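Below you'll find the structure, written out as structure tokens, and then a few comments.
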Amino acid sequence: MSLPAPAPPLYLVDASLYVFRAWHSMPADGFHDADGWPTNAVHGFARFVLDLLERERPRHIAIAFDEALDSCFRNALYPAYKANRDPAPAELKRQFAYCKALCAALGLPVLAHREYEADDLIGTALARARGDGFRGVIVSADKDLSQLLGGHDEQWDYARGQRWGAAGVKARHGVHAHQVADYLALCGDAVDNIPGVPGVGSKTAAVLLGHFGSLDAVLDRVDEVAFLRMRGAATVAARLREHREQALLYRRLSTIACDAPLSGAAPPFARSPADAATLSAFADAVGFGPMTRRRLEAACGTTIAGDAAAMADG
């Protein structure tokens, strides 16, 4: 008897993470567009995308960008959400637009929305693609995205070369994949400015969810918390009673929405042919050198005309 064919992978890329990494790791000097604006993040992001395409040769892929920097639906629920982050400088915002344009020219479906974050777009794309028999490969190191893992899905920390599925989440975070949002609601998430329940750290949150299974069960059976064998159990129980509503709000903030609008792209998120003319003009505009141009040609199977004035590789 033949085994069933494995589910085809849909690669879901958390683009903003890799744009920010390139922005911080690539020197700004020496990378400029025709108007003198820095393009270091574009060069670094292009190298990442090309490397991914060369290694995996994905047939189905979506690149999700964060546009909801201060307009996400979560800000209406909790104005302090991500308020600890400095606004992106104009030099970086310009490069985000370049990175989106690069992906579009390469024939890669791009996801972005003013009210939903990249995590929500990834979650929605994965939920819809599962109905067509796909499994997700989430390219990101963001722990929030682990809550989406199920079945044969996997998450890939590309920079560290680490991959894990739903079964591997507990070893990394101390809770199961389906408990991640509850976990963040309890212990908080400093990256997103979610405070969590005072006095409940990551270890305590893991103990609570290990014993009760969910945030709802913790709150419904809060009288039992004082009798758990953990330090400060009585105090934790009192804090949970006092901050019940806040904990439920924090879970809403931590839960990835899987019903976001996906304008401009739809399952199965198949790659389209690259636009050679647009890629050539783009390479000239951001100063890609001959090596990056050759990689673009190899990745998309087309010829990228070179700019004789381009000397430095990007």
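Coordinate-derived values only; no laboratory data. Quantities reported herein were computed from a predicted structural model and do not represent experimental measurements. FYI the Cβ positions are ideal-geometry reconstructions off the backbone, even for glycines, and counts take in every protein chain you see.
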TODO: Report Rg (one decimal) and Dmax (nearest whole number) for segment 173-254, counting Cα atoms only, units Å.
DONE: 11.1, 32
Task: Efficiency of FRET from Cβ geometry, A190 and A90, R₀ 22 Å, rounded to 0.05 - done: 0.25
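Can you give the FRET efficiency for A83 and R294, using 1/(1 + (r/R0)^6), R0 = 30 Å, r = Cβ-Cβ distance, to the nearest 0.05?
Numbers: r = 44 Å, r/R0 = 1.47.
Using R0 = 30 Å, I get an efficiency of 0.10.
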TODO: Would you mind checking which residues have amide H under 5 Å from D33's amide H? H placed 1.01 Å from N; only 5 or more apart, or other chain.
DONE: T39
Task: Where GluC sites (Glu not before Pro) fall in DSSP loop in segment 98-183, at most 13 other Cβ within 10 Å - done: none
Task: Mean ellipticity per residue at 222 nm, deg cm²/dmol - from DSSP H runs of n ≥ 4 across the chain, formula -39500 (n - 2.57) - done: -13000 deg cm²/dmol
Open item on the list: At a 10 angstrom cut-off on C-beta neighbours, averaged per residue, how do the peptides 52-63, 241-252 rank from highest to lowest?
Closed with: 52-63, 241-252
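Send over the per residue convex hull volume for segment 1-145, Cα only, as a whole number of Å³.
So the per-residue Cα hull volume is 138 Å³.
Report, in listed order, any pair from K143/K203; K100/K143; K82/K170 with a Cα-Cα distance greater than 20 Å.
On the way: K143/K203 16 Å; K100/K143 24 Å; K82/K170 26 Å.
Pairs exceeding 20 Å: K100/K143; K82/K170.
Over 32 Å, how big is the tail of the calculated P(r) for the chain, in percent of all Cα pairs?
Values: 17219 of 49141 pairs.
Beyond 32 Å sits 35 percent of the P(r) for the chain.
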- [ ] Positive end of the charge dipole of the chain (Lys, Arg +1 and Asp, Glu -1 on Cβ, about the Cα centre): tell me which of P79, G131, F282 has its Cα farthest that way.
- [x] G131
- [ ] Add +1 for every Lys or Arg and -1 for every Asp or Glu among the other residues with Cβ under 13 Å from the Cβ of Q246, and state the total.
- [x] +3
